[in-house]
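Peer 1: One structure is given below, represented as structure tokens, and several questions about it will come after.
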Amino acid sequence: MTQDEAIRKIQDSCKEIALLFMKIHAVVPHLGDEDTQAISLKSLHQMTTDLEVVKKHLLILQKRDDSSEL
């Protein structure tokens, strides 16, 4: 597997994970327990933030590799 293939595969997985996070977020209010809802939303936010960090570093890696081709 090339680096580009790995990057694409990780990016695709990040998109899938983000969609799953949105599905979870939509049903959290139906839990009926404020403490559980608060912890769940806080955790979802943190995981989303961490996912964005991964995506950002993939973009940096791509751009770094693209600029070396010049």
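Every read-out reported here was derived from the displayed coordinates using simple, explicitly stated rules and does not represent laboratory data. Quick caveat: nothing in here was measured; it's all calculated off a predicted structure. Reconstructed Cβ throughout: ideal geometry from the backbone, glycine too, with neighbour counts over all protein chains shown.
Peer 1: Among Thr2, Ala38, Leu19, flag the residue with its Cα farthest along the positive direction of the charge dipole of the chain, charges on Cβ as +1 for Lys/Arg and -1 for Asp/Glu.
Peer 2: Thr2
Peer 1: Continuing with this model, one more query. Between His25 and Leu58, what's the calculated FRET efficiency when r is the beta-carbon distance and R0 is 30 Å? Round to 0.05.
Peer 2: FRET efficiency, His25 to Leu58: 0.85.
Peer 1: On the principal axes of its Cα set, how long, how wide and how thick is the chain? Give whole Å, largest value first.
Peer 2: Result, largest extent first: 56, 17, 14 Å.
Peer 1: Obtain the nm distance between the two label points defined at Lys15 and Glu34 by a simple spin-label model: each point lies 7 Å from its Cα along the Cα-to-C-beta direction.
Peer 2: Calculated label separation equals 4.0 nm.
Peer 1: If you don't mind, another one. So if I place +1 on the C-beta of Lys and Arg and -1 on the C-beta of Asp and Glu, and nothing else carries charge, what would the dipole magnitude of the chain be about its Cα centre? I want it in debye, nearest 20. Spell out each step's value before the answer.
Peer 2: Numbers: 9 positive and 12 negative charges, 22 e Å.
Using Cβ point charges on Lys, Arg, Asp and Glu, the chain gives about 100 debye.
Peer 1: Compute from the Cα atoms of the stretch 6-45 the Rg and the Dmax, the latter being the longest Cα-Cα distance, and quote both in angstrom.
Peer 2: 12.9, 41
Peer 1: Using only Cα atoms and rounding to the nearest 10 degrees, what angle (0 to 90) does helix 34-67 make with the longest principal axis of the chain?
Peer 2: Relative to the chain, helix 34-67 is tipped by roughly 10 degrees.
Peer 1: Restricting things to alpha carbons, tell me how big the stretch 28-69 is in terms of Rg and Dmax, in Å.
Peer 2: Expressed in Å, the Cα Rg and Dmax of the stretch 28-69 come to 17.1, 55.
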